[in-house]
Amino acid sequence: MNTIARLPQPETIKVSALHAYAYCPRLFYLEEVEALYTQDAAVFAGRKLHEELEEQEDGTWEDLFLESVDLGLRGRVDALRHRDGQVIPYEHKRGRCYRDEQKQPQVWESDRLQVLAYAYLLEMALGVTIQEGRVRYHADNVLVHVPLDDAARAWVREMIDRARTLRNSTHRPPVTDNERLCTRCSLAPVCLPEEARLAHDKEWQPVRLFPEDDDRIVLHVLEPGTRVGRTGEQIKVLRCGEKKAEVIPARQVGQIVLHSFSQISTQALHFCSDQEIGVHLVSGGGRYLGSFDSRQGSIQRRIAQYGALVQPEVCLGLARQLVVCRGRSQRKFLMRGCRGRVVPELTAAIAQMKAVLKQVGKAESLGSLLGLEGNLAATYFGVFDRLLKDVAAELRFDGRNVGLRRIE
Ligand code: SF4
């Protein structure tokens, strides 16, 4: 076993990340910049294949971690073999190879880049000449040779440069034009490519990608005094006054919601943080208090939100919608109050609110919008007491007020 291990430096890019970049730049960005990873059945099947290969070869496979700061690359080579005095890196793929127009077996573009990157990395790190890399596709039992020449080396360097540039960008790339890539992409459940396409093209007919649901449970701790702790890889829940705790395997838990005055230990919090289990606090009355959540938030969404909110026309558009929604629901409330009876004040207010609501969509400044909003509110609250039947005069509203008024 020949193992060279060095601590990776942040400037270098993983070969696997370069493979992701060649597959789809958005995939690279989601994983490398936003640190969003998901593991679907294909990812686990790929790992299993490598484990089986290692077992079959009984230790003859070399586990070699390499890094070249000059090249800007690091990675762990799947396997190395010596053939006719040459060192040849191998990549193993679970799926099928690509077939060209003559039905000849070829490597997929991202696999080509990956095996060439490993070959070039070997050259740079070990100072030996590598003539080719090989990719074995296990589903159709095909071995494809990929020569490493100057053009291939230049291509690897160019792709490293492009990936580095994207890594420093704050803009998530758009979804790929090749929708077929998305059907096999493990990040589809967080990338939401079909939703993004629909957002840009209202005529788009989305394909359902069937993302797997997170079927981990949400653990609600309702009883005050209940203590949540950790024991090994399990979450421990001990009810107040009981001696025996209930234990739940951590992998089955996605979120813990602590209601009222239940407690959680520091060790359990550390563990939840490590396992990406969100912990949320809710008051006894059901009010949300806060969260302790180490999962990656949607940074890109927030950047887009802040970017939009500094644009006055976006703010005005949102404010118009708020005023319209509120005004419409208040007007509807007054209309319900007219059911089965005639109340002239309510009828007049409903008609006036309708007229004002028509103007809201045309408001050209926040100032004029505020005036219209005030008009709607004054009309609504001006007749609000007419919604109540048979109320004593002293209980009728004479304006908006805060808190309770004592009635002698
Ligand atoms: S789902 Fe599609 S667009 Fe999104 S990262 Fe994967 S391949 Fe790219």
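The values are calculated or read from the model by the stated rules, or taken from the named source; none is laboratory data. Please read all numbers here as calculations on a predicted model, not as lab measurements. No Cβ is skipped: glycine too gets one built from the backbone with ideal geometry, and neighbour counts run over all protein chains shown.
With the checklist (1) assigned by TED's automatic domain parsing to the domain that holds residue 255; (2) within 15 Å of the ligand (Cβ to nearest atom) in hand, flag the one item residue 236 doesn't pass.
(2)
Could you list all residues from region 350-401 that are within 28 Å of residue 317 (Cβ to Cβ) and either acidic (Asp, Glu) or not in a helix (DSSP H, G or I) (or both)? Full working, then the answer.
Going residue by residue through region 350-401, those that are within 28 Å of residue 317 (Cβ to Cβ) are 350-381, 400.
Within region 350-401, 361, 362, 363, 364, 365, 373, 400 meet the criteria.
Looking at (1) of a type outside the set (Asp, Glu); (2) within 26 Å of residue 196 (Cα to Cα); (3) exposed (fewer than 11 other Cβ atoms within 10 Å of the Cβ), can you tell me which one residue 285 breaks?
(2)
Residue 158 fails exactly one of the following numbered conditions: (1) in contact (Cβ under 8 Å) with a residue 40 or more places away in the chain; (2) of a type in the set (D, E, K, R); (3) in the same structural domain as residue 22 (by TED's automatic domain parsing). What is the number of that condition?
All conditions are met except number (1).
List pairs: first in region 176-189 and closer than 9 Å to residue 27 by Cβ, second near the ligand (Cβ under 8 Å from one of its atoms), Cβ under 6 Å, 6+ apart or cross-chain?
Here the result reads 176/24; 181/24; 187/27; 187/30, each pair linking region 176-189 to a residue that is near the ligand (Cβ under 8 Å from one of its atoms).
With region 115-225 as the region, which helices (runs of 4 or more DSSP H) entirely inside it contain at least 3 residues that are exposed (fewer than 14 other Cβ atoms within 10 Å of the Cβ) and within 16 Å of the ligand (Cβ to nearest atom)? Steps first, answer last, please.
Numbers: elements: 150-167, 179-183, 188-191, 193-200.
Here the list reads 193-200.
Which ones in region 95-112 are within 15 Å of residue 16 (Cβ to Cβ) and part of a loop (DSSP other than H, G, I, E, B)? Steps first, answer last, please.
Our first condition is that a residue be within 15 Å of residue 16 (Cβ to Cβ); within region 95-112, this holds for 108, 110-112.
Listed by number, the list holds a single entry, 108.
Residue 330 - would you say it is in a helix (DSSP H, G or I), surrounded by 13 or more Cβ atoms within 10 Å (Cβ to Cβ), modelled with pLDDT of 90 or more and not small (Gly, Ala, Ser)?
Details: in a helix (DSSP H, G or I): yes; surrounded by 13 or more Cβ atoms within 10 Å (Cβ to Cβ): yes; modelled with pLDDT of 90 or more: yes; not small (Gly, Ala, Ser): yes.
In short, yes.
Which of the residues spanning region 265-282 are loosely packed, with under 13 Cβ neighbours inside 10 Å and of a type outside the set (D, E, K, R)?
Within region 265-282, 266, 267, 270 qualify.
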